[in-house]
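A.B. asks: I am attaching a structure below and will ask some questions about it afterwards.
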């Protein structure tokens with residue numbers, strides 16, 4: 001009888017110790033002054049569907065790619081915007097990355113609305129380099145990103 005109590009106690013302690021683990025919280029995102037992060041996702045780059053839009057301008061300010069777009073909408077408040085990288089690095093000097101801007105616009109109005117957003121480019125940095133060329137699909141000029 002005493003032996004079975006010891007075994008049950010050891011089993012309970014073992015189970016309790018087994019439950020003690022590190023935090024399951026995901027790693028925090030880096031601090032950024034940009035609205036969102038550029039994502040590297042070759043599948044989505046090739047297959048994601050975008051609403052019609054026109055790129056007005058693109059600039060780089062530190063690690064942020066600032067993009068201005070126009071689309072037909074009511075006010076643009078429900079737009080979802082994403083910058084996706086193909087996942088491939090073209091070996092040139094400096095290296096080149098290809099990205100696409102995607103817009104999800106479910107607003108059924110005919111007014112032309114312009115909005116500006118920004119994407120943190122630090123996820124696109126190439127190890128051992130301090131500069132890359134970013135080719136934005138639908139935008140005629142390559143963007144030089146120095147970091």
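No lab work stands behind these numbers, since they all come straight from the coordinates. On a predicted model such as this, the values are computed, not experimentally measured, just so you know. Positions of Cβ are backbone-derived with ideal geometry, glycine not excepted, and every protein chain shown enters the neighbour counts.
A.B. asks: As an exercise, use a Förster radius of 30 Å and the Cβ-Cβ distance of residue 41 and residue 114 to find the FRET efficiency, rounded to the nearest 0.05.
C.D. replies: 0.65
A.B. asks: How big is the antiparallel share of DSSP beta bridges in the stretch 50-147, given as a percent to the nearest 5?
C.D. replies: Of all bridge pairs located within the stretch 50-147, approximately 90 percent are antiparallel.
A.B. asks: Output the direction-averaged projected area (hull surface divided by four) of the convex hull of the alpha-carbon atoms of the stretch 33-147, in nm².
C.D. replies: 6.9
A.B. asks: Let me ask something else about it. Can you sort 124, 39 by how many other beta carbons sit within 10 Å, fewest first?
C.D. replies: Listed from fewest to most nearby Cβ atoms, that is 39, 124.
A.B. asks: So how do 60-68, 114-122, 72-80, 47-55 stack up, highest first, on mean other-Cβ count within 10 Å?
C.D. replies: 114-122, 60-68, 72-80, 47-55
A.B. asks: No solvent, one uniform scatterer per C-alpha: report log10 I(q)/I(0) for the stretch 32-91 via the Debye equation at q = 0.12, 0.14, 0.16, 0.17 1/Å, two decimals.
C.D. replies: -0.37, -0.50, -0.66, -0.74
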